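The values are calculated or read from the model by the stated rules, or taken from the named source; none is laboratory data. Every value quoted in this text rests on a predicted model; they were computed, and no experiment measured them. Backbone-built Cβ (ideal geometry, glycine too); neighbour counts: all protein chains shown. Protein only, heavy atoms only, side chains kept; ligands, DNA and RNA dropped before computing areas. Shrake-Rupley method; radii C 1.70, N 1.55, O 1.52, S 1.80 Å.
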Amino acid sequence: MKALAILVAATSLLLSGCATTLHSNVTVFHEWPSDLQDKSYSFETPSPGEDTLEFRSYQNLVSGELAKLGFTQAATTKDAKLRVAMQFSTIDRPVKVLTASDPWMYGPGPWGYYPRWGYYPYRYRYYGFYRPYYDPWMWGPMEFRETIQHNYDRNLRVTINNLQGKKLYDVTVQNTSRKQSTPLVMPALVQSAFTGFPGESGKAKRVDLELQ
């Protein structure tokens, strides 16, 4: 038992340091001019309801990715040649999950509640295949437990327009995961929005990035 406890602890420590891969569906539409020299930009002013500290922190993430591509944020709106807009949303979609519990495999024993491993009953079939069966008279009724599993749908959209209002770049990033924290996954979503910029217009692709 002591050796088993050490093994479980070591496994938990190993898994805690592993990276989680975030899968995002990215769709880009653009008419990006190849001769664009001045990449100065300013953010479009969000509505009062959207202008939150969280929103501004995600704008900073967008600024960081744009800087990697040679864009510069203008000191004032009048000095900018481009307008950048950002929208994001998170929707929690709970799903009921019904889990069956076999009292033979996991049930009370003579020394308390413990998992019962081994000696699971099998039924022999004439063609040589062993198939497990469950006898409620011998092992008690099957138990069911209902839990709620949360799936979070996240959408990020970033657009870049010129001063005349023409859209030059329009990207949408969609991700569904069980990660509850939006600030945790938003850096990867923003990075996915500019991976391979400007990319092929009108084509959907999947971008996989790791979260530590």
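Taken together, LEU22, LEU53 contain a single residue that is surrounded by 15 or more Cβ atoms within 10 Å (Cβ to Cβ) and either closer than 25 Å to VAL190 by Cα or modelled with pLDDT of 85 or more (or both), which is LEU22.
Residue by residue, here is whether (1) at pLDDT below 80; (2) exposed (fewer than 10 other Cβ atoms within 10 Å of the Cβ) holds:
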{"position": "LEU61", "(1), (2)": "no, no"}
{"position": "PHE71", "(1), (2)": "no, no"}
{"position": "TRP111", "(1), (2)": "yes, yes"}
{"position": "TYR120", "(1), (2)": "yes, no"}
{"position": "TYR127", "(1), (2)": "yes, yes"}
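Cβ-Cβ contacts under 8 Å between residues 6 or more apart (or on different chains), taken from a first residue in the range 65-88 that is touching a residue at least 40 places away in the same chain (Cβ under 8 Å) and within 21 Å of PRO187 (Cβ to Cβ) to a second residue that is among the polar types (S, T, N, Q) and part of a helix (DSSP H, G or I), are listed as GLU65/GLN191; MET86/GLN59; PHE88/THR182. Checked against (1) under 28 Å from ARG178 (Cα atoms); (2) modelled with pLDDT of 95 or more, ASP92 meets all criteria but (2).
Residue count for the range 184-212 under the criterion of being under 21 Å from the mean Cα position of the chain (by Cα) and either closer than 16 Å to GLU65 by Cα or part of a loop (DSSP other than H, G, I, E, B) (or both): the result is 15.
Whenever a residue of the range 24-53 is among the aliphatic types (A, V, I, L, M), its partners that are in a loop (DSSP other than H, G, I, E, B) and surrounded by 12 or more Cβ atoms within 10 Å (Cβ to Cβ), lying with C-beta atoms within less than 8 angstrom and at least six residues away or across chains, give the pairs VAL26/THR195; VAL28/PRO198; VAL28/GLY199; VAL28/SER201. Selection of the range 23-38 for residues being part of a loop (DSSP other than H, G, I, E, B) and under 29 Å from GLU210 (Cα atoms) yields only TRP32.
Within the range 184-202, the set of residues being among the aliphatic types (A, V, I, L, M) and surrounded by fewer than 18 Cβ atoms within 10 Å (Cβ to Cβ) comprises LEU184 only. For the range 163-183, the set of residues classified as open to solvent by 60 Å² or more (accessible area, probe 1.4 Å), assigned to a loop (DSSP other than H, G, I, E, B) and modelled with pLDDT of 90 or more consists of LEU163, GLN164, LYS166, listed by residue number. Residue check: THR45 meets all listed conditions (1) surrounded by 12 or more Cβ atoms within 10 Å (Cβ to Cβ); (2) at pLDDT below 95 but one, namely (1).
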